[in-house]
1. Restricting to strands (runs of 3 or more DSSP E) lying wholly in region A:31-111: which have 1 or more residues that are out of contact with any Cys (no Cβ under 7 Å at 6 or more places or on another chain), surrounded by fewer than 20 Cβ atoms within 10 Å (Cβ to Cβ) and free of Cβ contacts under 8 Å to residues at least 24 places away in the same chain?
2. Please tell me if A:Leu8 is more than 10 Å from chain B (Cβ to nearest Cβ), open to solvent by less than 50 Å² (accessible area, probe 1.4 Å) and in contact (Cβ under 8 Å) with a residue 12 or more places away in the chain.
3. Mind checking which residues of region B:99-113 are more than 16 Å from B:Ala2 (Cα to Cα) and touching a residue at least 24 places away in the same chain (Cβ under 8 Å)?
4. Here is a check on your reading of the model: is B:Gly101 within 8 Å of another protein chain (Cβ to nearest Cβ), surrounded by 18 or more Cβ atoms within 10 Å (Cβ to Cβ), over 14 Å from the mean Cα position of the chain (by Cα) and not basic (Lys, Arg)?
5. Looking only at residues that are away from chain B (no Cβ under 11 Å) and assigned to a strand (DSSP E or B) in region A:17-30, which one is surrounded by the most Cβ atoms within 10 Å (Cβ to Cβ)?
Amino acid sequence: GESVGLHLPTLSVQEGDNSIINCAYSNSASDYFIWYKQESGKGPQFIIDIRSNMDKRQGQRVTVLLNKTVKHLSLQIAATQPGDSAVYFCAERRNNNDMRFGAGTRLTVKP
Amino acid sequence: NAGVTQTPKFRVLKTGQSMTLLCAQDMNHEYMYWYRQDPGMGLRLIHYSVGEGTTAKGEVPDGYNVSRLKKQNFLLGLESAAPSQTSVYFCASNNGGVSYGYTFGSGTRLTVV
C-alpha cells in the first residue's frame, strides 16, 4: 500500500502473474480517483480513473476497485509484463482544484 | 503533437540565484499546473492556472512565482533559490480541472547547492 516517507512500498511479481497495488485515501468526501504510472526519469502517465459513484472500472489489462467504506483503492494489473515495472500512485480529488497524490508503490516484474 | 514540454531538463543553481522553468503545451488545454516531487512523497501542487492570464496558489507556493501570459505557456520562477527547493518539477495540463486526468511533462531536475 501507499505511505508517505522516504522509502516507497515495493511489490515484486513474476512475469505473467497478476499484480495488485493498494492505496488508502484520506478524505471521505473525495469523489474522483486516478491511477498513474511513472517510469524512471519520466513524468507520470494516466492509467485509469474512477468516480465515487462506481465500485469498479476496467481498462485494458487493468482494473480499479474502489471501496468507499474503508477508503481504499486498488489497481489490478493482469498478466504483468516487464514493461509494467514502474512506480504506481493514486490521486484523489478532495474538492475543486484540490487533487492529492500518494507517494507511490514501486512495482518490479521479474522475468 | 508534443503534449507537454518542459525546459530545461536539468539545472544546478547556487543558493540565491534565480531561474525560470518553462512549460509549453500544444493541446489547447485551459488548465495548467506546477508540481514538485520529492523522494518518498507524493506530488505537491505549487501553483496552477485555470486559463490565460490567471494564476492561483497551491499547497506549497512559498518561494515560487508563476505567469500565464499565453494559453500554451506556464512559467515557474524561483527568485532566490534555496537548497530546500532541490526537487523534480513537473508541469501538467488538462481541460477539465481536477475532475480529469492530467497530461504531465517529463520533468525538470533542479539541484540547489
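The values are calculated or read from the model by the stated rules, or taken from the named source; none is laboratory data. Since this is a predicted model, take the numbers as computed values, not measurements. Virtual Cβ from ideal backbone geometry, glycine too; neighbours counted across all protein chains shown. Keep in mind that these areas ignore ligands, DNA and RNA; they rest on the heavy atoms of the full protein, side chains included. Shrake-Rupley method; radii C 1.70, N 1.55, O 1.52, S 1.80 Å.
1. Details: elements: A:32-38, A:45-51, A:56-58, A:62-67, A:72-77, A:86-95, A:98-101, A:105-110.
In region A:31-111, A:45-51, A:56-58, A:62-67, A:98-101 are the strands (runs of 3 or more DSSP E) which contain 1 or more residues that are out of contact with any Cys (no Cβ under 7 Å at 6 or more places or on another chain), surrounded by fewer than 20 Cβ atoms within 10 Å (Cβ to Cβ) and free of Cβ contacts under 8 Å to residues at least 24 places away in the same chain.
2. Judged against the criteria, A:Leu8 is not a match.
3. The first filter runs over region B:99-113 and keeps only residues more than 16 Å from B:Ala2 (Cα to Cα), leaving B:99-101, B:108-113.
Of everything in region B:99-113, those that are more than 16 Å from B:Ala2 (Cα to Cα) and touching a residue at least 24 places away in the same chain (Cβ under 8 Å) turn out to be B:Thr108, B:Arg109, B:Leu110, B:Thr111, B:Val112, B:Val113.
4. yes
5. Checking each candidate, the answer is A:Ile21.
For every residue, the table says whether it meets (1) part of a strand (DSSP E or B); (2) modelled with pLDDT of 95 or more.
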site	(1), (2)
B:Met27	no, no
B:Tyr35	yes, yes
B:Gly42	no, no
B:Val60	no, yes
B:Leu69	no, yes
B:Ser84	no, yes
B:Tyr89	yes, yes
B:Leu110	yes, yes
